[in-house]
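Every number here is computed from the coordinates shown, using simple stated rules; none is lab data. What you see is a predicted model; the values in this text were computed from it and never measured. Please note: Cβ atoms are built from the backbone with ideal geometry, for glycine as well, and neighbour counts cover all protein chains shown.
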Amino acid sequence: MLSIFLILVPPAASRRGIMPGMVSIASPNTASDKPLHQAHTPMPAEARRSLLAASVAHAVHDGMTDLIYVLLPLWQSQFGLSLAFTGALRGLYAACMAGFQVPATRLARRWGRPALLVGGTVLVALAYLVAGLSGALPVVCGALLLGGLGASTQHPLASALVADAYAGHRVQARRALASYNFAGDLGKTAVPAGVGALLMWLSWQHSLIAVGLLGLGAAAGLAWLLRAPPLQGAAADGGPAQPAPPQAPVQPPTWGFTALAATGVVDSGTRMGFLTFLPFVLSAKGAGAAGTGLALGLLFVGGALGKLLCAVLERHLGLLRTVWLTEGATALCIVGTLLLPWWGALTLMPLLGLMLNGTSSVLYGCVPDLVPPERRDRAFALYYTATIGAGAIAPSLFGWLGDQWGVAPAMQAVAGFVLLTLPLTWVVRQALAGQGRD
């Protein structure tokens with residue numbers, strides 16, 4: 001939360017002597033000319049409010065999404081489901097969330113980002129309320145579809161909201177997007193843990209009602225935070241179009257964005273493939289349920305820190321060196337997890353989590369640099385559709401390899417797969433250099 005605080009509340013010394021209206025957002029074609037001391041430039045209150053709103057949306061949506069992992073064993077036991085059907089329940093939510101991200105951006109151009117973000121949060125909250133009030137399997141399935149539909153609004157619209165709010169301040173924008181990303185990890189930790197505690201006293205139905213009420217409260221908070229048009233991107237929000245600043249006569253490098261999306265696909269597929277096999281690897285080393293839970297906890301803590309630390313690394317090392325460092329270290333740590341005994345693998349978990357999860361902040365922080373401002377919503381939607389889809393498909397593909405070759409060879413394939421990011425990142429770096437952004 002420290003990074004979010006530093007952005008939302010600039011130092012008092014920086015605020016003294018700044019009169020309202022003196023701070024302005026630079027046009028995109030001048031972003032590359034700004035020095036690194038932009039990181040200390042005080043941002044307007046509208047930009048900080050946009051970041052806060054996007055971070056709240058990310059934390060609530062990601063928390064309610066990952067809550068499904070806590071509920072799946074309960075549903076399997078109560079409804080007598082097979083493992084395949086239980087996994088399909090998670091697939092209902094993920095498929096709906098991935099498939100409707102691009103349509104969500106189109107609707108936002110008609111109704112505005114604030115309306116879509118608030119409405120999507122209400123839909124997820126209502127999905128949990130309906131599932132909790134009914135408790136019947138067909139209603140739960142329908143609620144998962146409704147929840148995935150609502151969740152599809154968050155990633156593309158909130159990311160674009162932050163990117164537009166900090167447009168023209170490249171260092172600040174990267175830091176803001178990393179903070180927004182980190183907020184999602186806070187939600188993934190807090191909401192499932194809180195519901196896990198509630199389940200000690202309440203049934204899963206009553207716990208879901210509590211989660212639904214939390215979602216409605218978050219939607220009300222978002223409506224208040226987004227009550228005024230956010231900075232930049234007014235036309236994309238459905239407001240009156242503003243005259244576009246003059247653009248440099250440079251063709252948008254769509255090939256660079258394609259390479260960036262492909263890098264995100266490999267990164268997301270690696271992460272989900274690794275998480276699929278890790279419990280099996282640890283179990284073979286003699287770790288029980290408690291040991292596996294400890295390892296996963298250390299992994300997720302490292303991952304949350306990685307969202308912030310990798311953004312700092314990218315600022316000092318550049319995109320290419322940072323991604324090569326993190327992905328190369330990920331491959332080595334995966335191999336180390338296979339070779340080391342239980343205690344050695346456990347010590348690797350925080351570092352592996354940092355490298356495995358932190359790269360995503362660096363990657364999607366490049367999206368605003370590779371597309372013109374009027375296409376950011378759609379670009380973020382396409383990026384998240386590709387990465388979320390890869391995360392949903394990769395466990396099945398690597399699982400098939402595990403059935404054919406065994407768990408250890410499949411994990412080695414995961415370690416090799418992550419190295420595909422290295423040449424792809426070089427292509428992205430060349431595209432950014434062509435724009436004067438790296």
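Take the Cβ atoms of LEU422 and LEU340, set R0 to 25 Å, and the FRET efficiency comes out at 0.55. Within the range 84-144, all pairs of alpha-carbon atoms sorted by distance into 5 Å bins from zero give the percentages 4, 16, 21, 23, 17, 11, 6, 1. The eigenvalues of the Cα gyration tensor, multiplied by 5 and square-rooted, give the range 254-434 an equivalent ellipsoid with semi-axes of 30, 17, 14 Å from largest to smallest. When you filter the chymotrypsin sites (Phe, Trp or Tyr not before Pro) in the range 120-209 for DSSP loop state and at most 13 other Cβ atoms inside 10 Å of their Cβ, you are left with TRP201. With neighbour counts taken as other beta-carbon atoms within 10 Å, the residues PHE380, PHE257 rank, fewest first, as PHE257, PHE380. Annotation: extensible slack from ALA190 through PHE79 equals 37.3 nm (criterion: 0.36 nm per residue apart, minus Cα-Cα distance). Here the simple spin-label model places points 7 Å from the Cα toward Cβ, and for ARG109 and HIS316 these points are separated by 4.2 nm. Measuring nothing but how far apart in sequence close Cα pairs (under 8 Å, 6+ apart) lie, relative to its length, the range 254-434 scores a relative contact order of 45 percent. For the range 145-181, backbone nitrogen atoms closer than 18 Å to the point 7 Å from LEU133 Cα along Cα-to-C-beta are found at 145-148, 150.
Between ASP66 and LEU325, the simple label model (points 7 Å from Cα in the Cβ direction) yields a spacing of 2.4 nm. Summarising the label geometry, the points placed 7 Å from Cα in the beta-carbon direction at SER283 and LEU198 lie 3.0 nm from one another.
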